[in-house]
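> Sharing a structure here in structure tokens format.
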Amino acid sequence: MSNVDVAYDRQSELLAVARGLILEQGINGFKLIDIAKKVDIPRSQLYAHFRSREDVLVSIVVEDLQNVRDVVIDLVNDESLSHFERIMVMQLGPIFKALGSNGRAGTQFIMSNQSILNAVSQDTRDSVAMAFNNLMNSSHQIWMGAIYDKQVSVNEEQMLETKRLLAIFQRGSVIMALHKAPSQLMLPIDFDFCYSYVFNAIKALQWDERVVCRRATIEKNLQQYFDKPF
């Protein structure tokens, strides 16, 4: 194993420790030095990988964006799913994850508070941008696959309009699920409501009548890919 591989594996191990600490302490309570204490290493070894708590948090974002892209690629290659079902899983995944977090702040919370990126280096911000762009390109492939395979009768512009609408809905739903504000201050949100909204928006794209959308299959894939703390 090369030195680069060793360094990458070590950084991944430290990020895993950081994730656990964030779940225990929350974003605001988490400190960089807590990682060194948890794994009993000198600060100098920790600083070889991360210079600040913001570096750790943003590195988690990058890692999770890469993981979600892997999920999207798996969905593209899963021939047991219809195009409709692939889009449903992709759109509901972040919401499903946020609803299951019980308000514990994780990567999605960081992404909804992007001012944290101002505290890290340009190289780190570039890493986030690259990971995000890679994810968006892979996600776009799922959407356009339905058009290429003639499963919907709308054109690309009409599909992109639905895609934009659902992106706004997804982001708002994730933020509401994560913040867990009192119901009198923020509208309550649940999975059934989100499922119905996303389903109806996608169904309006005029699908071929032979295309299936099985809720049990969608929920199974959500649990497989998105039933994780972050």
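> Would you mind finding the one in Met136, Met176, Met130, Met159 that is of a type in the set (A, V, I, L, M), in contact with a strand residue (DSSP E or B) (Cβ under 8 Å, 6 or more places away or on another chain) and either farther than 19 Å from Glu85 by Cα or at pLDDT below 95 (or both)?
Sole residue among the options that is of a type in the set (A, V, I, L, M), in contact with a strand residue (DSSP E or B) (Cβ under 8 Å, 6 or more places away or on another chain) and either farther than 19 Å from Glu85 by Cα or at pLDDT below 95 (or both): Met159.
> Please count how many residues of the range 26-72 are of a type outside the set (A, V, I, L, M, F, W, C), under 28 Å from Lys97 (Cβ atoms) and assigned to a helix (DSSP H, G or I).
15
> May I pose another question? Could you list, in sequence order, all residues of the range 193-214 that are in a helix (DSSP H, G or I), out of contact with any Leu (no Cβ under 6 Å at 6 or more places or on another chain) and among the small types (Gly, Ala, Ser)?
Selection gives Ser196 alone.
> Go through (1) outside any helix (DSSP H, G or I); (2) modelled with pLDDT of 85 or more; (3) not hydrophobic (A, V, I, L, M, F, W, C) and name the single condition Glu85 misses.
Glu85 satisfies all of (1) outside any helix (DSSP H, G or I); (2) modelled with pLDDT of 85 or more; (3) not hydrophobic (A, V, I, L, M, F, W, C) except (1).
> Within the range 130-157, track down each residue that is more than 27 Å from Gln66 (Cβ to Cβ) and surrounded by 15 or more Cβ atoms within 10 Å (Cβ to Cβ).
Within the range 130-157, Gln151, Val152, Val154 qualify.
> For Arg125, only one of the following conditions fails: (1) surrounded by fewer than 20 Cβ atoms within 10 Å (Cβ to Cβ); (2) at pLDDT 85 or above; (3) more than 30 Å from Tyr197 (Cβ to Cβ). What is its number?
(2)
> Then there is this: Determine which member of the set Ser82, Ser59, Ser44 is more than 20 Å from the chain's Cα centre (by Cα), of a type outside the set (A, V, I, L, M) and in the same structural domain as Asp190 (by TED's automatic domain parsing).
Ser82 is the lone residue from the list that is more than 20 Å from the chain's Cα centre (by Cα), of a type outside the set (A, V, I, L, M) and in the same structural domain as Asp190 (by TED's automatic domain parsing).
> Does any residue of the range 36-47 turn out to be surrounded by 16 or more Cβ atoms within 10 Å (Cβ to Cβ) and either polar (S, T, N, Q) or under 19 Å from Ala131 (Cβ atoms) (or both)?
no
> Residue by residue through the range 120-129, note down the ones that are within 14 Å of Gln66 (Cα to Cα) and hydroxyl-bearing (Ser, Thr, Tyr).
Matches in the range 120-129: Ser127 only.
Here's the yes/no breakdown for (1) at pLDDT below 95; (2) over 22 Å from the mean Cα position of the chain (by Cα); (3) not assigned by TED's automatic domain parsing to the domain that holds Ser101:
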{"residue": "Gly145", "(1), (2), (3)": "yes, no, no"}
{"residue": "Asp149", "(1), (2), (3)": "yes, yes, no"}
{"residue": "Asn155", "(1), (2), (3)": "yes, yes, no"}
{"residue": "Arg171", "(1), (2), (3)": "yes, no, no"}
{"residue": "Ser183", "(1), (2), (3)": "yes, yes, no"}
{"residue": "Asp190", "(1), (2), (3)": "yes, no, no"}
{"residue": "Ile202", "(1), (2), (3)": "no, no, no"}
{"residue": "Gln206", "(1), (2), (3)": "yes, yes, no"}
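The values are calculated or read from the model by the stated rules, or taken from the named source; none is laboratory data. From a predicted model like this one, the values you see are computed outputs, not experimental measurements. Reconstructed Cβ throughout: ideal geometry from the backbone, glycine too, with neighbour counts over all protein chains shown.
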